[in-house]
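The values are calculated or read from the model by the stated rules, or taken from the named source; none is laboratory data. This is a predicted model, so every value here is computed, not measured. Every residue, glycine as well, gets a Cβ built from its backbone with ideal geometry; the counts of neighbours run over all protein chains shown. What goes into the accessible areas is simple: the full protein's heavy atoms, side chains included, and nothing from ligands, DNA or RNA. Shrake-Rupley method; radii C 1.70, N 1.55, O 1.52, S 1.80 Å.
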Amino acid sequence: MSIFTPGVLNIAIVLVALTAVLSCSDRACPAAEKTTHQRKPLPPAAKIAKLPADGGKEFNRLIHEKSPYLLQHARNPVNWYPWSPAAFAKARKEGKPIFLSVGYSTCHWCHVMERESFETEAVGKILNEFYVSIKVDREERPDVDQIYMTATQVLAGQGGWPNSLWLTPDGKPWYAGTYFPPDDKFGRPGFKKILTQLARAWKAQNEEILKRSGEIAARIKRYTSGKNRTPASGEISYRLLENATGMMSMTFDPRMGGFGRAPKFPPHSSLQLLLSEYKRTKSERLLHMATVTLDAMARGGIHDHVGGGFHRYATDPIWLLPHFEKMLYDNAQLARAYVEAYELTGKERHKRVAMDIYAWVLREMTDTGGGFYSALDADSAGEEGLFYVWTRKEVIEILGAKAGDEFCKAYGFAEGGNFHDQASGKKPGTNIPHFPKGAKADDEQFAAARDKLLKVRVKRIWPYKDDKILTSWNGLMIEALAYGGRGLKDPRLTAAAEKAAAFVLKHMRKDGRLLRTYRDGGAKLNAYLDDYAFLGLALVELHRTTGDEKWLSEAVSLADVMLKNYSDPDAGGFFFTSSDHEELLSRTKDPFDRAVPSGNAVAVRLLVELGHLTGQAKYRTAAEKSLKAFLMFMQRSPRGMGTLLHAAGRYLDTAPKPTATSAGKPDAVTQTGPVKVEAFASRLTAEPGESIDLNILITIEKGWHVNSSKPLAKNLIATALKLTGSAQVTLGEVVWPAGKKATFGFAGAPLSVYEGVVRIPAKITIAKNLPAGQLKAELTLTAQPCSDKSCLLPINHKLPLTIEVVAPK
């Protein structure tokens, strides 16, 4: 019999049939009817505070939540609960199954299902009678989202949002799908029918459902926890990175950039790996793949040419037709990519795109306190893209006939419109600004016109803004701003990064532990691995840009909490949730990149950088253990491991490298008084234009210290390094470790000092176009040794180096 005919369902048949009838994603669902949909404003906070716990007559329990997504559902006739012990207690007490709906505020199909089903009295009546209903914001609770998206993929073969699941009272899934039409439609069963028949199945086949849900839960735990994975053989080597970029070449679209077929998402981790590997190998093929992709996206409709920033993804292979929501995490990663491309190519167009992203974020997505909001919706007045598209008539009215005509021609306006979506088909006369392939114009030529259009656009009905502030996403944006401030030499970007970092550390941390989300003056929810890793790496970037040791110190504090509460001491790697987190079906451990980088990968990056900057071996050891834990995935599935592969590259790049000929002995050494200084070079043979890594090792006798590179007192001499002897060799970046703060008898205030053994990584570069021969250079390390009572005069430690310059191969 059909599983959707009246009567009792056979749950085994239901589970097998899910893939065929219930799977749906936001680009595979049937078209929904368009409706103008304006939400009534919510009452002020003081009035909400006086409402009963269940929300009273007008609202449900979600009215007391902070999440914009949950608040969007606060007027539904469904008796929604947030994810909470109270919801599960009610289900257990009443013996009811749980209906779990997971989504996010800028999800188009979440809005459609709300309008069609959750706002209707008929659906509300069924859910309230037969189920305990829970609504989850996946951005607030990514832990819940990860587990139950895996469940939907296991049960249905694919997933998407809204994610709809039926659970037992103890949270085990037994049925799942995504979007459902309210009634039978498009060959799909209606939501009301499914709710009714599953309620019957729960009563009639309860024992079988409970047994089956236990088996499904066990399977999900195996998939997500990282347990029982076969360890890989092999080494962490550059060959892993070369294999990954080789596989990228196989799927690269040489005409329009990107990898694979439509829909095309910005390939964040692939771009990061390509650019970093180009820096190491100087392979033009890698830079070509990255810049072709960046340029194609910048020309396309996925790029908001009027307001700056990028939309979520393109539904076509040429980056023209976007899904219009704008996410903070996409724009943070793309801003950095365009800055890196500018640094490597010198092309002003890459700089302009990056600056347009930064301008949009600082203009439209920044809280008064400095934190960054999460997203802008795709819809305005219930219609996707309405805020962003233009008619030719509008443009000419705003810009004038001549300037308007030039704009329309340059930006690919079609006579009948170039914009259509699956919901409404072709929209006559409506256009998405973009540069067709081969166009000679660029945004800079139309700066004044774009400004005029923007002034008009801001008066339209705005898409909904999700104004919650998430720690991890803010970490991505802080890192991008700090990198941009340094790479573009723009102090405004650095200042914005510092303000945001200070905001998060002040308002989203309690008792040394980060909190996940902030809105309306309050932060809540135990933070996740992503929060610690992304913010920690951002603070390292801020330290590099500003030289301020406080940011490095804060990064060290976050990394130490991360190691203590999130690491897997047995197998290596990190769990997504802390050791004291709420118990869920599984404690997940995922190395793969999604829309945001893998938390495990960024954690490794953070540990590698801290090991490099502080010289503390524990960070590098933990990074190595994590890399080995996920080595099999880097070998077998490199396409999903771009960020971890980049971290592996940084691990290899920063490894201490004594020369092969010296068998670990220093290439130069000197000792004066209580201080010994040694220089280790990665090699002493180089081609013109190449760089050589150095490690300067300072050994200080017990009872003595030297001032750090920033001693915190004006009358003390900072430890410094310079290179003399040849104009053909230049000293590059010197990575000074943070000093230890200590108080001494001769100084009233704490000082920053180095004690014991200190490692200082540095780099020297040989001039280009040099003939073969020897270069003689001399490093001078200046250090002022002190005891706890007094200081000696500063000592200049001379370290001579002889470099053999060889002809290029």
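When the stretch 257-268 is filtered for residues that are surrounded by fewer than 22 Cβ atoms within 10 Å (Cβ to Cβ) and part of a loop (DSSP other than H, G, I, E, B), the ones remaining, listed by number, are Gly260, Arg261, Ala262, Pro263, Phe265.
The combined condition, being open to solvent by less than 30 Å² (accessible area, probe 1.4 Å) and either in contact with a Ser or Thr (Cβ under 7 Å, 6 or more places away or on another chain) or of a type in the set (A, V, I, L, M, F, W, C) (or both), is fulfilled by Leu613. The criterion of at least 2 residues that are over 30 Å from Met508 (Cα atoms) and under 32 Å from the mean Cα position of the chain (by Cα) is met, among helices (runs of 4 or more DSSP H) falling completely within the stretch 392-482, by 447-457. The test for being open to solvent by 50 Å² or more (accessible area, probe 1.4 Å), over 22 Å from Leu514 (Cα atoms) and hydroxyl-bearing (Ser, Thr, Tyr) does not hold for Thr643. Note on the stretch 357-367: residues that are open to solvent by less than 40 Å² (accessible area, probe 1.4 Å) and either in a helix (DSSP H, G or I) or among the aromatic types (Phe, Trp, Tyr) (or both) total 5. Considering Ala523, Ala501, Ala555, Ala559, the condition of being of a type in the set (Gly, Ala, Ser), surrounded by fewer than 24 Cβ atoms within 10 Å (Cβ to Cβ) and modelled with pLDDT of 95 or more is satisfied by Ala523 alone.
On inspection, Leu712 fails the criterion of being over 37 Å from the mean Cα position of the chain (by Cα), outside any strand (DSSP E or B) and buried (at least 17 other Cβ atoms within 10 Å of the Cβ).
For the residues Ala601, Ala623, the requirement of being without any contact (Cβ under 8 Å) to a residue 40 or more places away in the chain and either under 15 Å from Thr643 (Cβ atoms) or crowded, with 21+ Cβ neighbours inside 10 Å (or both) singles out Ala623. Of the numbered criteria (1) of a type in the set (Phe, Trp, Tyr); (2) open to solvent by less than 20 Å² (accessible area, probe 1.4 Å); (3) at pLDDT 95 or above; (4) more than 19 Å from Lys468 (Cβ to Cβ), the one Trp109 fails is (3). Answer with yes or no whether Ile209 is closer than 26 Å to Asp143 by Cβ and under 27 Å from the mean Cα position of the chain (by Cα). Spelling it out, it is not the case that Ile209 is closer than 26 Å to Asp143 by Cβ and under 27 Å from the mean Cα position of the chain (by Cα).
In this structure, is Asn128 out of contact with any Lys or Arg (no Cβ under 9 Å at 6 or more places or on another chain), open to solvent by 10 Å² or more (accessible area, probe 1.4 Å) and among the polar types (S, T, N, Q)? Considered against the rule, which asks whether it is out of contact with any Lys or Arg (no Cβ under 9 Å at 6 or more places or on another chain), open to solvent by 10 Å² or more (accessible area, probe 1.4 Å) and among the polar types (S, T, N, Q), Asn128 comes out as yes. Taking the listed residues Lys40, Lys66, the one that is assigned to a loop (DSSP other than H, G, I, E, B), of a type in the set (Lys, Arg) and more than 27 Å from Val144 (Cβ to Cβ) is Lys40, with no other qualifying.
Looking across the stretch 303-339 at every residue that is in a loop (DSSP other than H, G, I, E, B) and in contact with a Leu (Cβ under 8 Å, 6 or more places away or on another chain), the one that is most open to solvent (accessible area, probe 1.4 Å) is identified as Thr315.
Taken over the stretch 739-761, the criterion of being out of contact with any Gly (no Cβ under 7 Å at 6 or more places or on another chain) and open to solvent by less than 40 Å² (accessible area, probe 1.4 Å) is satisfied by Gly739, Ala742, Phe744, Ala747, Leu751, Gly756, Ile760, Pro761.
Which one is farthest from Asp653 (Cα to Cα) among residues in the stretch 716-752 that are among the β-branched types (Val, Ile, Thr), more than 35 Å from the chain's Cα centre (by Cα) and in a strand (DSSP E or B)?
So the residue we want is Thr724.
To keep it simple, each residue is scored yes or no on (1) in contact (Cβ under 8 Å) with a residue 60 or more places away in the chain; (2) surrounded by 23 or more Cβ atoms within 10 Å (Cβ to Cβ).
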{"position": "Pro142", "(1), (2)": "yes, yes"}
{"position": "Tyr148", "(1), (2)": "no, yes"}
{"position": "Pro162", "(1), (2)": "yes, yes"}
{"position": "Leu167", "(1), (2)": "yes, yes"}
{"position": "Trp174", "(1), (2)": "yes, yes"}
{"position": "Gly177", "(1), (2)": "yes, yes"}
{"position": "Lys185", "(1), (2)": "yes, no"}
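Of all residues in the stretch 680-695, count the ones that are outside any loop (DSSP other than H, G, I, E, B) and under 16 Å from Thr730 (Cβ atoms).
Adding up the residues that qualify gives 6.
Are any of the residues in the stretch 783-796 of a type in the set (D, E, K, R), surrounded by fewer than 20 Cβ atoms within 10 Å (Cβ to Cβ) and not in a loop (DSSP other than H, G, I, E, B)? The answer is no; no qualifying residue exists.
On the basis of being in a loop (DSSP other than H, G, I, E, B), among the hydroxyl-bearing types (Ser, Thr, Tyr) and open to solvent by 40 Å² or more (accessible area, probe 1.4 Å), does Ser233 make the cut? Judged against the criteria, Ser233 is a match.
Does the stretch 660-667 include one or more residues that are assigned to a loop (DSSP other than H, G, I, E, B), among the charged types (D, E, K, R) and at pLDDT 90 or above? No: the stretch 660-667 contains no residue that is assigned to a loop (DSSP other than H, G, I, E, B), among the charged types (D, E, K, R) and at pLDDT 90 or above.
Being within 30 Å of Asp568 (Cα to Cα), open to solvent by 10 Å² or more (accessible area, probe 1.4 Å) and in a helix (DSSP H, G or I) is true for just one of Leu287, Leu271, Leu240. Which residue is that?
Of the residues listed, the single one that is within 30 Å of Asp568 (Cα to Cα), open to solvent by 10 Å² or more (accessible area, probe 1.4 Å) and in a helix (DSSP H, G or I) is Leu240.
Considering (1) in a helix (DSSP H, G or I); (2) under 16 Å from Val540 (Cβ atoms); (3) touching a Leu at 6+ places or on another chain (Cβ under 9 Å); (4) touching a residue at least 40 places away in the same chain (Cβ under 8 Å), the lone condition that Gly611 does not fulfil carries the number (3). A Cβ distance below 6 Å, combined with a sequence gap of six or more or placement on separate chains, defines the contacts here; from the stretch 241-268, residues that are within 24 Å of Asn331 (Cα to Cα) reach residues that are open to solvent by 40 Å² or more (accessible area, probe 1.4 Å) and of a type in the set (A, V, I, L, M) in the pairs Met256/Ile318.
Applying the criterion of being more than 13 Å from His434 (Cα to Cα) and among the hydrophobic types (A, V, I, L, M, F, W, C) to the residues of the stretch 290-302, the residue that is most open to solvent (accessible area, probe 1.4 Å) is Val292.
Inspection of the stretch 510-518 identifies no residue that is without any contact (Cβ under 8 Å) to a residue 60 or more places away in the chain, surrounded by fewer than 18 Cβ atoms within 10 Å (Cβ to Cβ) and touching a Lys or Arg at 6+ places or on another chain (Cβ under 8 Å). All of (1) closer than 30 Å to Gly756 by Cβ; (2) open to solvent by 30 Å² or more (accessible area, probe 1.4 Å) hold for Leu542 with one exception: (2).
Residue-level analysis places Ala354 among those that are within 30 Å of Tyr518 (Cβ to Cβ), open to solvent by less than 40 Å² (accessible area, probe 1.4 Å) and assigned to a helix (DSSP H, G or I). Please tell me if Thr670 is open to solvent by 10 Å² or more (accessible area, probe 1.4 Å) and out of contact with any Leu (no Cβ under 7 Å at 6 or more places or on another chain). Answer is no for this residue.
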